[in-house]
Amino acid sequence: MQKKYRALRTVARIFKVLAWIVLVLGIVVALVYFVGAAWLGFGGMGMMRNLGGAYYRYMPRMGGSAIFIGLVGAAGILLLTLLKFLLLLAASDLFFVLIDIEENTRAIAYSAGPKL
């Protein structure tokens, strides 16, 4: 039997690849956010002095709360990333299921033959 819906199969594959890309990039962004928040919370390891004395003098050093803020932000990013990943993967699988239903229906109709 000839394969139909090549464009829909291609879109489903693109969604599946895109889902994995979103997951990997989301994990990387969450890690960068956590490390960046912790780094800035501890005064940027002394690097903030280069921005000017007045700014650095009034910038609060958050210390331990920066780690908490980084964890909460990273958890939020990971949660939304996981949601996007699951939605894209579900959309991809839905396309494949619909194509399989069509193929199975066509095969059953073909094997049953004409009844009239």
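The values are calculated or read from the model by the stated rules, or taken from the named source; none is laboratory data. In this text, all values refer to a predicted model and were calculated from it rather than measured experimentally. Cβ: placed from backbone, ideal geometry, glycine included. Neighbour counts: every protein chain shown.
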Where the second residue is surrounded by 12 or more Cβ atoms within 10 Å (Cβ to Cβ) and of a type outside the set (Asp, Glu) and the first is at pLDDT 95 or above and outside any helix (DSSP H, G or I) and lies in region 4-30, which pairs have Cβ atoms under 6 Å and are six or more apart or on separate chains? none
Among the residues of region 1-36, how many are in contact with a Ser or Thr (Cβ under 9 Å, 6 or more places away or on another chain), surrounded by 14 or more Cβ atoms within 10 Å (Cβ to Cβ) and closer than 11 Å to Ile77 by Cα? 5
Under 8 Å between Cβ atoms, at least 6 apart or on separate chains: pull out the pairs that start in region 98-109 with a residue that is closer than 18 Å to Val11 by Cα and end on any residue that is aromatic (Phe, Trp, Tyr). Ile99/Tyr5; Glu102/Tyr5
Give the residues of region 31-54 that are among the hydrophobic types (A, V, I, L, M, F, W, C), assigned to a helix (DSSP H, G or I) and either modelled with pLDDT under 90 or more than 29 Å from Leu82 (Cβ to Cβ) (or both), sorted by residue number. Phe34, Val35, Ala37, Ala38, Trp39, Leu40, Met45, Met47, Met48, Leu51, Ala54
